[in-house]
Structures are given as C-alpha cells and as structure tokens.
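Colleague: My questions all concern the structure below.
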Amino acid sequence: MSTLIWCLLIAGLLPIAAKAPVVYFQNRDKGYDNRHPRAQQQRLTGAGARAVAGHYNAYEAFTLFAAAILLVIATDQITEMNQILAVSSIGLRVAYHIFYLANWDKLRSVAWLFAFLCPVLMIAQTAVTLSGNSSLL
C-alpha cells in the first residue's frame, strides 16, 4: 500500500513541480510579475506557453489518478498490477511534461494517452474484481 500512497503524494506534487519551468519563463519575460502572474502567463509564447499548458494539465490529470488510488486502497484491491500502473502513471506524467517542454508533440500525446489509461485500468480492474468476474481483465 505504501507504493500507492507515495504515488498519490508524488502525483499531488507534480503540478507544483510543473510550475518551476513556468516561473523560469516568466522571469525571462521582464521578471516575474507577482501582482498579475496569470496575465503574464497568458502572454508567454513558445516553450513558456507550453510550460503553462503542461502545468495546468498536471492538475487536470491528478483528479482521475487520485480517484483510482483511493478506490484501490478503499476496496483493498492493492495488487501488483495496480501498483505497476500507479508507478507507470507517474513516470509517464513526468515524461509527458518533458516532451511538452521540448515540443515533441507526438511523444507527448503517446505519453498522455498511456498515463491516462493507467488510472482507467486501475478503476476497471477494481470494478471487474469486485463484481466477481476477474476474467475480463
């Protein structure tokens, strides 16, 4: 279970970590505007704009992942597969952000897809197991 909890913590911190490149690009844009940071973020282009989008996407991805982790723990479906999917999701989310910053759009999309599928599979596996028909997955 500790693997799942660590993954939940890391996933919760990923949006904060994804803010670092945003701050870097804001500082390059005439310094960080602490009075109007969102307006400044909207003015960023290129890698700065991609950093902002990746930062926001990290928040968007967290909800489904957190729901999957909490469901797995609450229903005591802590399987090796669910742990592999949780760790894989974290790795893929980190890769997604790197690919976004590097402007590798196709790799980014593949990483996004597989990262998205990880919590979906965790939830589906749990649902199938709890319904008593584990032969579906």
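The values are calculated or read from the model by the stated rules, or taken from the named source; none is laboratory data. It should be emphasised that the depicted structure is a prediction, and the values quoted were computed from it without experimental measurement. Because the Cβ atoms are built from the backbone with ideal geometry, glycine has one as well, and the counts that use them run over all protein chains shown.
Colleague: With respect to the numbered conditions (1) under 30 Å from A127 (Cα atoms); (2) touching a residue at least 24 places away in the same chain (Cβ under 8 Å); (3) not aromatic (F, W, Y), which one is the sole condition not fulfilled by A18?
Modeller: (1)
Here is a yes/no grid of residues against (1) among the hydroxyl-bearing types (S, T, Y); (2) more than 19 Å from F114 (Cβ to Cβ); (3) touching a residue at least 12 places away in the same chain (Cβ under 8 Å); (4) in contact with a Pro (Cβ under 6 Å, 6 or more places away or on another chain):
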{"residue": "S2", "(1), (2), (3), (4)": "yes, yes, no, no"}
{"residue": "G12", "(1), (2), (3), (4)": "no, yes, yes, no"}
{"residue": "G31", "(1), (2), (3), (4)": "no, yes, no, no"}
{"residue": "A49", "(1), (2), (3), (4)": "no, yes, no, no"}
{"residue": "V72", "(1), (2), (3), (4)": "no, no, yes, no"}
{"residue": "T75", "(1), (2), (3), (4)": "yes, yes, yes, no"}
{"residue": "I78", "(1), (2), (3), (4)": "no, yes, yes, no"}
{"residue": "I84", "(1), (2), (3), (4)": "no, no, no, no"}
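Colleague: Which is under 12 Å from the mean Cα position of the chain (by Cα) and modelled with pLDDT of 95 or more, of Y59, Y100?
Modeller: Sole residue among the options that is under 12 Å from the mean Cα position of the chain (by Cα) and modelled with pLDDT of 95 or more: Y59.
Colleague: Looking at (1) aromatic (F, W, Y); (2) closer than 18 Å to I123 by Cα; (3) free of Cβ contacts under 8 Å to residues at least 40 places away in the same chain, which is the only condition F25 fails?
Modeller: (2)
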